[in-house]
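The numbers here are math on the coordinates, done by the rules we state, and not lab data. It should be emphasised that the depicted structure is a prediction, and the values quoted were computed from it without experimental measurement. Using ideal geometry, Cβ is built from the backbone for each residue, glycine included, and neighbour counts are taken over all protein chains shown.
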Amino acid sequence: MNRADEELLAAAARMVVEEGLEYGAAKRRAVRDLTRRGGGGGRGDRSRDLPSNEAVEDAVREHLALFHADTQPAELAALRRVARTWMQRLAEFRPHLAGAAWRGTATRLSAVHLDLYCDDGKAAEIALLNAGVRFDVEGGGTPEATVLTITAPCRELGEPVTVHLHLQDHDALRGALKPDARGRTWRGDVGALDRLLAAADEAAAAADAADAADEGPR
């Protein structure tokens, strides 16, 4: 990887973590910023020249480890618990958690992305209306192009969380569960999420026990 690529990835990762941008927006802005400053290796603002999401994700993980290792795990867990609440409420639509909250790179600035697999996309909207949940609708025309956005309270973070509900065709789930090139899944159901939460709780408990052992008796 050349220096220009490294600068681009570092800039995009910083925007994802510090500003809560999605990967696509962060990559495009990083290219524009570096181009204005004379960097970017002559990439210009062409999407075919942008790095992969996997490469940006790796850079995000490095940024989090360097600058947010003390706060990010708790913020991630809080977002995952918000996701779990809504996955339970919308269980009839086979919800799957996706995005940074699933992949483990989310911070308090990240939105939660849930994929809903529906025979009829309107059924999800009706379910929210019947439950008295306010939401915004983006896209339309086909279920795959429709996103319902809600604002969910999060007591752990002390601020609301944005939850995007992506309406997917009922039969699209099989393909959606294919892993990436490294064998990691792009999304998971509530059972898989519960396993992630349990593993995080165990890791936190082990870390607390290790800290207590290091401190010794008082």
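Some observations on this one:
- Put a dot 7 Å past the Cα of residue 28, heading toward its Cβ, do the same for residue 92, and the two dots end up 3.7 nm apart.
- Its Cα centre serving as origin, the stretch 177-218 has a Cβ charge dipole (Lys and Arg +1, Asp and Glu -1) of approximately 420 debye.
- Sorting 196-207, 159-170, 103-114 by their mean Cβ neighbour count within 10 Å, with the most densely packed peptide first, gives 103-114, 159-170, 196-207.
- Fully extending the segment from residue 10 to residue 54 would add 14.5 nm, taking 0.36 nm per residue of separation and subtracting the current Cα-Cα distance.
- Label-point separation, residue 198 to residue 134 (7 Å along Cα→Cβ), nm: 3.8
- About its Cα centre, the stretch 72-208 has a charge dipole of approximately 260 debye under the convention of +1 per Lys or Arg Cβ and -1 per Asp or Glu Cβ, with nothing else charged.
- Each stretch of four or more DSSP H residues adds -39500 (n - 2.57); spread over every residue of the chain, this sum gives -16000 deg cm²/dmol at 222 nm.
- Listed options for Kirkwood radius over Cα pairs in Å are (1) 17.7; (2) 19.7; (3) 19.0. The value calculated from this structure is the one marked (3).
- Karplus 3J(HN,Hα) series, Hz, for the stretch 156-161 with 6.51 cos²θ - 1.76 cosθ + 1.60 (x for Gly, Pro): 4, 8, x, 7, x, 10
- Subtracting the Cα-Cα distance of residue 127 and residue 214 from their residue separation scaled by 0.36 nm leaves 26.2 nm.
- For residue 36 and residue 74, the FRET efficiency from 1/(1 + (r/R0)^6), where r spans their Cβ atoms and R0 equals 30 Å, is about 0.25.
- Tensor-based shape of the stretch 114-199 (alpha-carbon gyration tensor, a/c under 1.5 rounded, otherwise prolate or oblate): oblate
- Qualifying GluC sites (Glu not before Pro) in the stretch 106-162, DSSP loop, other Cβ atoms within 10 Å at most 15: 156
- Net charge of Cβ neighbours under 11 Å - reference residue 107; Lys, Arg +1; Asp, Glu -1: -2
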